[in-house]
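Here's the structure we're looking at; comments come further down.
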């Protein structure tokens, strides 16, 4: 029996009426990778925040290496040998790697000596764990994968024996994720303990030794990874078996509803982000766009939907040409609906009430208008109705948008865009940060729309999703469409190669200009 | 006859008793505040001098916004303060209302004329004093170029400028004069940095004497002229001591004397309503002549300025008042 | 690295935090008063009595409140669209020019014609002066914070030029227009009360106070109930989402600045049409800047702005009374006290939030 690095004993935490953590027990053995899995809002982040000193538990006990500890701040956590790599990095971008690593651990007024030491230490850590990074590089110029490395080095530099990683692969390319897992395995081999928070079952299965499942603030199961399977874990997470929708047989494609020809988009700096892209989506068809994040997919759909100007080419919606200066309101009137890739950044306004977010983009429709005013009652009633049909929880149109979980926020966006009865739907990353239960629901909605004869353009970085839903797939790389396949006649391997531009994935991250 | 004389005796004695009852004076300062190193401060010194001599304290208020003008005057009048000394022309319209409401209270306003039976209006002939310093500037200038830096661009300051220009032209008909106003807001009276810049610019164009009528801004003007080895001319109070030997003279506007006199007169029986215009003849304006600028004023200059003083007093020379027609005959 | 805080209950956010801040500001001010050898209690008593204790004082307080409501609303509307309009002073000055031009032209007409025209003119002129920086921001990328403050200076120069060289009747020392004819004088509240047989003490308070309250209602409807206000809020909260929704952030920037400028311009209704009955230099007296603090304290909500404006009205009128009665407490001291309130209520708004949030969430947890 190996000793326990972390022991949590009946941790309890409430926020007002919300019982975020309910009598949580957890044992993490030293020198293992321990996964924590659960839907959004299951209480994973709260639990880790308690462990890292952001919150104090209302009751319960934390033991580190068998010793009872009170962790009231991140300083306490660091002193106890705990390091954390956040989902959103805590780095100062204009500073160099060594400066970031030293931040808060400068060791004296003059930084010269400490700097030399830190530089040496960064090189040593790099050699020991495969965490190679140039200590004098400017952090803002590094790829996301390398920035994450800096975060890990930062934690190790402070003497972390226990490392918490919160959704670490969410921002990484598949190749970067692979490299991260190698680093984690090396850390484990050298006796460090790792807590991995994720909602991706694949990752749990790939790297962890043990896994704990959380649901609605409770710890519902502990398993040895070798003794479980994704199906069981998924069921434990959502509390029931999930039926994944079948995409069904392809129908005979109808008339082209979305036609894009020779589309080109430059960014503010004049860099070509999309060049010479042509394709069409017909009625009753789902076309996927696969590609590593940052290869022009965002610009493509923003240009089609009128959010940004295109620099060439034509777009035709339902047979009508879309003027070059058309804005999003105009394309919407032409029959386009758009579920944006980042609901928090553009699909919703988090500070608004749910009903206000639920009319975003539709605020000028007569249905919601009373002269110059918004017909608040109509908007609320409509939102309530949509919430019921899309099973949004809680079904409260007056609740602040930010207070819904990711999956429920996504359902609000989806309901808003689908329920207007569009002819063409652009849907980007529909299940990013959405829990397993909601994924199935969202996929079903998209397939239902296809069955109704609508044209759907699906942009996703998750190949599983592309394969689960689409009839045809286009692969984008470097702003161009580098390949087109019938989904049923290809496999993930081939698409993966196309995504990488027919070459092996780049060794370290993607170049800066290709990141989103 | 008897009755009449008896009545007049009675009136006299009544007046006397009311006069002997100590006055309860009050002073309202204008927006600049009583320590503005200029106009309001001069008034403050006058009030302090009165207090020192008589031991009579006075109430005071510093105006912060326009609504307070009427409020302060009403408040003082209602509380029985008398006389009430009102500093600054901005209070003119407020005083017009309040003085009509309190006909028994005596008011003295500096720098404006209010035609009411209980208001004494004191104005100065700044153009006459400015004429004299302009004359001195012309005589002291070697380059034949002199400067003027005003504060806020309002008629009163243009009146200073116009008098100065007339004086310069009287001293040297071919002299060149550079004029700048610091700004168009009240802040223009308290911007020594900009004042210094303007003075430097004028010096750069050849001016070797610069006169300022710019309140606190003037400190920068005088500093700049002193630093450049040129001559400055002060205003309102005697500023010669600020840079001894570097300030040609100062145009004196005796607000302090006027305030002290009004307070003293009201404490006795000499206070009279009506307009008092204080010019050269009345000693209300003048030029500062002391040990700091003795070496700068030559016998020739002194003779010229003495003659001009006498001519203005006698009426032989008339200095045009810009405010009378909003125009200046010379530029 | 800051921990995400549990949201505060609404009552704590809207009432408790401002109350704590104001109390603290008064306590610190009390120390300042104590330091110069006066009794803070007496000073507070004089301020409160002076501001709220008698009819005339209340009139003055509400008169100041009127200015602060307009100035606060102006800042708030821009704020909802993500803009920081610190040009309230300049917009009010130009609003005053508009009001005065209408009043001088139409003053001989009946009030029912002259007054609405002059009020409209103040709003239109202010709107124009606000829309220009808005346009510069939207189309040229010049930041409104910079341009609005520069436009304050331009407005001030323009006002002085107009008063000195255009509007001023000959022979008048003061840079001021002539007094308006009767039709363009907004009645004082005391006069208006007399129409209904009520007696009110004389004060500068005039009917513009009612206009200010109507403006509050208008802004509330605009921001929280209208489609335009919705668009403002989307742009302010999330410009990317605005573009997604087909709302042009550029256009909304111009509109929001125009409405903000109009509200600031309407400050002139109180000062020019209501009190002075003529155009004068410097009638804005920094009220436009106080509007920033008012909007901050009032959480950019019209209801909050009324309360915050009232607080500042009390501070201004109470401060004046203090200056009358306590010569040792100079007007600069009063500015210090007002500054402390702004500091605690505005700048240090978040000082007590974390502690309070922790305290309240703990209590809720215990009681649950």
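Overview of values
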read-out	value
Shielding by partners - mean other protein chain Cβ count within 10 Å, residues of C:243-255	5
Residue-averaged [θ]222 nm for the protein assembly as shown, counting only DSSP H segments that reach four residues, each worth -39500 (n - 2.57)	-14500 deg cm²/dmol
Sites residue C:210 and residue B:277 - FRET efficiency at Förster radius 45 Å, r taken between beta-carbons, to 0.05	0.45
Projected label distance in nm at residue C:105 and residue B:313, using a 7 Å step from Cα toward the beta-carbon	5.5
Ascending count of other beta-carbon atoms within 10 Å, so fewest first, for B:241, C:277	B:241, C:277
Chain B, relative contact order [Cα under 8 Å, separation at least 6], %	19
Approximate shape of segment B:12-121 as ellipsoid semi-axes (Cα gyration tensor, √5λ), whole Å, largest first	22, 18, 12
Footprinting exposure proxy for B:212, C:301, A:199 (fewest neighbouring C-beta atoms within 10 Å first)	C:301, A:199, B:212
Cα-based helix-to-principal-axis angle, B:126-140 vs chain B, degrees rounded to 10	20
Percentage relative contact order, segment A:307-387, counting C-alpha pairs under 8 Å, at least six apart	16
Those residues of segment A:142-159 whose amide nitrogen sits under 19 Å from the label point placed on residue A:3, 7 Å along Cα→Cβ	A:159
Other protein chain Cβ atoms within 10 Å, averaged over every residue that makes up B:154-165	2
Fewest-first ranking of B:162, B:328, C:216, using other Cβ atoms within 10 Å as the exposure measure	B:328, C:216, B:162
Interatomic Cα distance distribution for segment B:85-176, bins of 10 angstrom, percent	17, 34, 21, 17, 9, 2
Relative contact order for chain C, counting Cα pairs under 8 Å that sit 6 or more residues apart, in percent	34
Net length gained if the chain between residue B:176 and residue B:100 were fully extended (0.36 nm per residue, minus Cα distance)	22.6 nm
Gained length - residue A:190 relative to residue A:462, 0.36 nm times residue gap less alpha-carbon distance	94.7 nm
Cα-based helix-to-principal-axis angle, A:144-157 vs chain A, degrees rounded to 10	20
Distance in nm between pseudo-label sites at residue C:113 and residue A:261 (7 Å out along the Cβ direction from Cα)	6.3
In Å, descending, principal axis extents of the Cα set of segment A:289-423	43, 39, 23
Kirkwood-based shape ratio for chain C, expressed as Rg/Rh from alpha carbons	1.00
Calculated Rg and Dmax of chain A using C-alpha coordinates, Å	24.3, 73
Inter-site label distance for residue A:316 and residue A:393 at 7 Å from Cα along Cβ, in nm	4.7
Residue A:432/residue B:299 FRET efficiency (R0 56 Å; Cβ-Cβ; nearest 0.05)	0.05
Extent along principal axes [Cα atoms of the protein assembly as shown; Å; largest to smallest]	130, 71, 66
Cβ crowding within 10 Å averaged over residues, with A:266-274, C:207-215, C:239-247 ranked highest first	C:239-247, C:207-215, A:266-274
Rg ratio (alpha-carbon, reference 2.2 N^0.38 Å) - chain B	1.06
Shielding by partners, peptide A:359-370 (average Cβ within 10 angstrom, other chains)	4
Pairwise Cα inverse-distance average, inverted: Kirkwood Rh of segment C:191-348 (Å)	18.1
Gyration tensor verdict on segment B:245-327 (Cα atoms; rounded if a/c is under 1.5, prolate if a/b is larger than b/c, oblate otherwise)	oblate
Nearest 10 degrees, 0 to 90: helix B:218-227 Cα axis against chain B principal axis	30
Equivalent ellipsoid semi-axes - Cα gyration tensor, segment A:5-97, angstrom	22, 18, 14
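Bear in mind these aren't lab numbers, they're just calculated from the coordinates by the rules spelled out. Note that the coordinates shown come from a computational prediction; the quantities given were computed from them, not determined experimentally. Positions of Cβ are backbone-derived with ideal geometry, glycine not excepted, and every protein chain shown enters the neighbour counts.
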